[in-house]
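**Q** Attaching a single structure in C-alpha cells format; questions to follow.
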Amino acid sequence: MEKKPYYITTAIAYASGKPHIGNTYEIILADAIARFKRMQGYDVRFQTGTDEHGQKIEEKAKAKGMTPQAFVDETAGEIKRVFDGMNLSYDRFIRTTDADHEATVQKIFKKLYEKGDIYKDSYVGLYCVPDEAFFTQSQAPDGICPDCGRPLVKANEEAYFFKMSKYAPRLIEHIEKHPEFIQPESRRNEMLNNFLRPGLQDLCVSRTSFKWGVPVDFDPRHVVYVWIDALSNYITGLGYQLDGESDALYQKYWPADVHLIGKDILRFHTIYWPIMLMALDVPLPKQVFGHPWLIQGGEKMSKSRGNVIYADDLASIFGVDAVRYFVMHETPFENDGNITWDLVLERFNSDLANTLGNLVSRTVSMSNKYFGGTVENKRVNIDPDDDLIATANHAVEAVQTKMETLHVADAITEIFNLFKRCNKYIDETTPWILAKDEANFDRLATVLYNLSEGIMTGASLLKPFMPETADKIAAAFNVALKDFEGLTGFGAVVGNGTKVVEKPEMLFARLDEKETMEKVNVIMSAQREAALKEYGNPDEEKEEEEAPLTHKPEITFEDFGTMEFRVGEILSCEAVEKSKKLLCSQVKIGSEVKQIVSGIRASYSPEEMVGKKVMVLVNLKPAKLAGVLSEGMILCAEGEDGKVVLMTAESDVKDGATIA
C-alpha cells in the first residue's frame, strides 16, 4: 500500500549570524513532528534552510570586508552546522541563493506583474532595516518600529507593489471556512481582527536602495524583496514551475501539511503568502502553526548583552537529546517557554537521570541479577499490573492524539508519565523482596517482564523526540523499537525469552550542580566578553537614551471585555517542588478558591505572599506548570533588575471585587 505524503517546513533562518536556542527550537520541533509522522507510516518530506538576501546582509558583509555571497556562505554554513548538531532528519536544506530557487522567483515575480497584480510606484515612508519592513507614518507616528522597537529610517524610492486588497475577501472566506488553517486559534483571531478585516495596504515587493537580492529580470534596477523571495522557498524547494511542468516532488507533496513558524512572523505566512499563492492559482497550505517563543529567564536573548544561549553550548554539557527534550517539553502549545541553565540542569537530573536513566539501569540490572538477563512473562499478575498495563496502552493512544493537534509538550509528558508509572511499579512490587523466596520467582519474572515491556513501549514512543536515547534503551533490552503499527497492545514489544545486555550504556549520569555551573560560567563569560568587544557596554548608555517601549497589537474594548480581573486574597502559598522559580498560591476570589502558579519565587517567599490582596486574571484557561495546575494569573510588574512586584489594592478591598 502506497504511503500517504506529508510535507512539513520550518521558516528559513535569516543568514545574518549564528542561531540561538530560541531559533533552533523551531527546527527541533519540526524534526520531532516529521519523525512522528514517519512512525505513523507517512511518506514525509521535511524542508528547512536559510534566507540569504536583503539590505541587512549587504551591510553586514560590507562591515566584515566580504562579498555578500561569501558572507552568506559562511553564515549559512554555521546555521546548518548548529542545526545538524541537533540530529535532524530534513530532506532539503534550501538556500535562497540556490540557482533553482532564484530562477523560479524571477518567473513568479514576472507572472504576477504580467497578470496586473504587481505595479510600479514610489514608496515614501519609514523602514526598519533589521526587520526589513516598511511602515506608514500612521503605523509608526513616533518613528519607532512597532515590531522590534528600533528607530526607523526615512525611505523614498521607486518600488513595485503587490495588490493585496484584491485577494483579501477570498482569504477571509478561506480562513473562516477552514478554522484549522491558522493554529493556535488565538493566532487565527489575531490575523482576522487585527490585519485582514481592518483592510490591507498594498505590499512593497521590490527594492532599489540595495543590490543584494534576486534581480527583477525585466527591470534590473530592482531586486525582488524578501516576501516573494523567501516565502516562495516552500514551493521552489519542491521543483514548482509556472508552466505546469513542476517536478514530481511538487506534484506529490504540495500543498504542505504544515508550515511551522514563530508567532512573530505569522502575518507574513497567513496573509502575504496565501495571497501570493492565490494570485498564482496554487493551492494553499493546509495549516500554518505559529508556535510560541522560547525565552531566556523571562527576557529576550540579546547578543549585545551576552545573555544568549546556543544549542551547541547546551549540548556540550547535557548532550543532544537532553537539549531536544528540554526545548520541546518546556514550551507549551500556546504560551512562551522559559530556558535558563539552572532549569536545564534541574530537568536533566530529575527527569532524565532519575526518572528515565535510573529506571532503565535498575530494570536491566535486576534482570541480569535474578535471571541471567532473560526476560520472560510467567503471567503471574496481581493488581498493580493492570494499572501499569493501562498506563502503557493509554500512552500509545494519548501520544497520537496530542500530536495530531501538535501538542508536542503534552505528548512528551504522556511518555514520561509512563516512565514514572514504571518507577512506581517497582516500589509497589518490591522485586528485591520477591527475590528472597524462590516460590516468588515466577511473580518476579512477571514483574520484570512488565517493567521491560512498559519501558520499551515508552522508548518506542520516545523515538521521534529523543532518537538517540530511544535507540540506547532498545540496545539495552536487545529489542527493536516499534512504530505505531507494531504497538498493538501491551506485550507486543518485548518477546518472551529476550535477553538484555549485561552492561548497558548509561543514558544520563546525574550531573554535579557546582561543577556544571562552573562550566556554564566559562561559556557565558566568554560570550559576554565577545559581546563587550563587538557591541560595547550596554549599561553605559545615557539615561535619556532609554529604549522605547514595544507594544502588542491594539485590542478593541470588546476584546478587553472578555477578560475578567478581580481582587483575590492569598490564603496559603508554597514552593513548587519541581521548580526553583514557581510558587503555588491558593487564592480566595469571592466564593471561589483558585490555585494559581506564579514565577515569582526569586522575589517573594511563600510566607510573604499569605494575606496579600492581589489583582487576578480569573478567566485565563487553566494550564499545568511544572506538573501543577494553575487556574489564573496573579498580575505583577517587572523591574529592570528582573525582580517582580505584585499589583495590590491601594486600600482594603473585599476579595472578589471586580477590577475595571
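**Q** In degrees from 0 to 90, rounded to the nearest 10, what is the angle of the helix 383-404 Cα long axis to the longest principal axis of the chain?
**A** 10 degrees
**Q** Continuing with this model, one more query. List Ser122, Ser605 from most exposed to least, where exposure is judged by having the fewest other Cβ atoms within 10 Å.
**A** Numbers: Ser122 9, Ser605 12.
Neighbour counts put them in this order, fewest first: Ser122, Ser605.
**Q** Rg to Rh for segment 340-499: what is it, with Cα atoms only and Rh by Kirkwood?
**A** Numbers: Rg = 15.4 Å, Rh = 15.9 Å.
Reported Rg/Rh, Kirkwood definition of Rh: 0.97.
**Q** Let me ask something additional. Expressed as a whole percent, how much of the Cα-Cα distance distribution for the chain exceeds 51 Å?
**A** On the way: 36549 of 217470 pairs.
More than 51 Å apart: 17 percent of the Cα pairs in the chain.
**Q** Right, something else. How far, in nm, would the chain grow between Lys64 and Asp471 when pulled straight, counting 0.36 nm per residue and subtracting the alpha carbon separation? Kindly include the intermediate steps, with their values, before the conclusion.
**A** Working: separation 407, 0.36 × 407 = 146.52 nm, distance 4.38 nm.
The span from Lys64 to Asp471 would gain 142.1 nm if fully extended.
**Q** Right, next: Show which lysines lie in cross-link reach of Lys56 when reach means a straight Cα distance below 23 angstrom and same-chain residues fewer than eight apart are skipped.
**A** Lys18, Lys64, Lys80, Lys154, Lys211, Lys263, Lys300, Lys303, Lys533
**Q** Right, something else. How about Lys463: which aspartates and glutamates have a C-alpha closer than 13 Å to its C-alpha, ignoring those fewer than 8 places off in the same chain?
**A** Reachable aspartates and glutamates: Asp31, Asp321, Asp471, Asp483.
**Q** Something else: So if the hydrodynamic radius of segment 563-659 is defined as the Kirkwood radius over C-alpha pairs, what does Stokes-Einstein give as its diffusion coefficient at 4 °C and 1.567 mPa s, in µm² per second?
**A** On the way: Rh = 13.3 Å.
In µm²/s, the coefficient is 98.
**Q** Round to the nearest 10 and give me the degree value, 0 to 90, for the angle of helix 68-84's Cα axis relative to the longest principal axis of the chain.
**A** With both axes taken from Cα atoms, the answer is about 20 degrees.
**Q** So, one more: If you average the alpha carbon positions of segment 319-365 and of segment 587-609, how far apart do those two centres end up, in angstrom?
**A** Rounded to whole Å, the Cα centres lie 27 Å apart.
**Q** Can I ask one more? Hand me the trypsin sites (Lys or Arg not before Pro) from segment 104-152 located in a DSSP loop with no more than 12 other Cβ atoms within 10 Å, in residue order please.
**A** Values: sites: Lys107, Lys110, Lys111, Lys115, Lys120; in loops: Lys115.
Here the sparse-neighbourhood loop sites are Lys115.
**Q** As an exercise, identify the chymotrypsin sites (Phe, Trp or Tyr not before Pro) in segment 69-163 lying in DSSP coil whose Cβ has no more than 14 other Cβ atoms within 10 Å.
**A** Values: sites: Phe71, Phe83, Tyr90, Phe93, Phe109, Tyr113, Tyr119, Tyr123, Tyr127, Phe134, Phe135, Tyr160, Phe161, Phe162; in loops: Tyr90.
Hits after loop and neighbour filter: nothing returned.
**Q** Taking segment 242-351, which chymotrypsin sites (Phe, Trp or Tyr not before Pro) meet the DSSP loop condition and have no more than 16 other C-beta atoms within 10 Å? Spell out each step's value before the answer.
**A** On the way: sites: Tyr250, Tyr253, Phe268, Tyr272, Phe289, Trp293, Tyr310, Phe318, Tyr325, Phe326, Phe333, Trp341, Phe348; in loops: Trp293, Tyr310, Phe333.
Passing both the DSSP loop test and the Cβ count: no residue.
Only the coordinates and a few stated rules stand behind these numbers; no lab work does. Predicted, not measured: the structure shown is a model, and the values here were computed from it. Positions of Cβ are backbone-derived with ideal geometry, glycine not excepted, and every protein chain shown enters the neighbour counts.
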